Amino acid sequence: MDTKITIVYDNCLSKEGLRTGWGFSSLIETEDAPALLFDTGSDGANLLYNMKQLSIDASSIGVIVISHGHFDHTGGLSDILEINKKAVIYVPASTAARIPGRKVVLVSQPVQISEAVFSTGELQGIEQSLAIKTTKGIVVMTGCSHPGVGTILDTASCHGRIYGIIGGLHGFHDFSRLDGLSLICPCHCTQHKSEIKRLFPEQHILCGAGCEIEL
Ligand SMILES: [Zn+2]
Ligand SMILES: [Zn+2]
């Protein structure tokens with residue numbers, strides 16, 4: 001395994017015993033880098049509960065990336081920061097977030113976060129996504145895709161061929177933009193989940209809390 005992605009928090013359920021909630025959070029584990037938490041769901045208690053069930057050590061997370069300032073992505077942040085005292089926090093610059101005593105990186109331009117993980121930068125003044133380098137190609141991780149899936153894919157493609165996309169796709173319906181991808185995992189706020197599954201049955205992965213994707 002080079003890269004492991006675990007959906008920690010989602011509107012839907014993949015694994016018995018976990019909790020669902022409106023929002024999104026995923027854990028990204030890559031070789032030679034501390035675990036990275038992308039978004040924190042809407043409710044800290046449910047986020048920490050799911051982490052415990054998944055045997056994720058919240059205190060060992062090295063980086064927390066917030067895709068955008070909506071409550072369903074930031075809601076669990078204060079709870080996790082009570083347990084985790086060391087993570088560097090990457091937020092879109094427009095949030096102007098400051099957290100006393102913590103290292104907060106305000107992201108506007110594209111930036112490298114770790115050996116294999118890059119931020120697209122804050123797109124359309126609202127949201128950042130991740131481009132994760134894996135042995136299979138670039139996997140894009142989105143929060144809600146408010147800047148538009150096409151814009152996000154175009155920006156992330158500077159790192160190489162896009163292998164897949166995981167995350168909230170909101171009202172995205174320009175489905176031809178997904179042609180050629182090998183992995184499509186629509187999560188959270190994606191409105192056209194069943195249509196995407198019907199169009200891309202081979203590539204589609206059902207998202208939900210507890211879903212694990214190894215690359
Ligand atoms: Zn959302
Ligand atoms: Zn949103």
Subject >> Overall form of the chain per C-alpha gyration tensor (a/c, 1.5; a/b vs b/c) >> reply: rounded
Original post:
Between rounded, prolate and oblate, where does region 60-127 land on the alpha carbon gyration tensor, with a ≥ b ≥ c its root eigenvalues, rounded for a/c under 1.5, else prolate if a/b exceeds b/c?
Top reply: oblate
Original post:
Do you know the Lys pair count in the chain for C-alpha distances under 26 Å, with sequence separation 8 or more or different chains?
Top reply: 24
**OP:** Before anything else, pin down the relative contact order of region 176-215: Cα pairs under 8 Å, at least 6 apart, normalised by residue count, whole percent.
**Re:** 44
Original post:
Each label point is 7 Å from the Cα along the Cα-to-Cβ direction; what then is the distance between the points at THR135 and ALA96, in nm?
Top reply: 4.7
Subject >> Largest-first principal axis extents, alpha carbons of region 111-154, Å >> reply: 29, 18, 16
Subject >> For peptides 31-43, 136-148, 51-63, sequence by mean Cβ density within 10 Å, most packed first >> reply: 136-148, 31-43, 51-63
Original post:
In percent, what relative contact order does region 1-155 have, based on Cα pairs under 8 Å that are 6 or more apart in sequence?
Top reply: 16
Subject >> Relative contact order (%) - criterion: Cα under 8 Å, at least six apart; region: region 100-215 >> reply: 17
Subject >> Gained length - GLU31 relative to VAL105, 0.36 nm times residue gap less alpha-carbon distance >> reply: 24.4 nm
Original post:
Once both labels are modelled 7 Å past Cα along the beta-carbon direction, what's the ASP154-LYS197 spacing in nm?
Top reply: 3.1
Subject >> Shape category assigned to region 18-99 from the gyration tensor of Cα positions, a/c cut at 1.5 >> reply: oblate
**OP:** Rounded to whole Hz and in sequence order, give me ³J(HN,Hα) for region 176-182 from the Karplus expression 6.51 cos²θ - 1.76 cosθ + 1.60, θ = phi - 60°, writing x for Gly and Pro.
**Re:** 5, 5, 8, 4, x, 6, 9
Original post:
222 nm [θ] for the chain, helices only, -39500 (n - 2.57) per DSSP H run of 4+, per residue, to 500?
Top reply: -4500 deg cm²/dmol
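No value in this document is a laboratory result; all are computed from the given coordinates. In this text the structure is predicted, and so the values were computed from the model without any measurement. With ideal geometry, Cβ positions are generated from the backbone for all residues, glycine too; neighbour counts draw on all protein chains shown.
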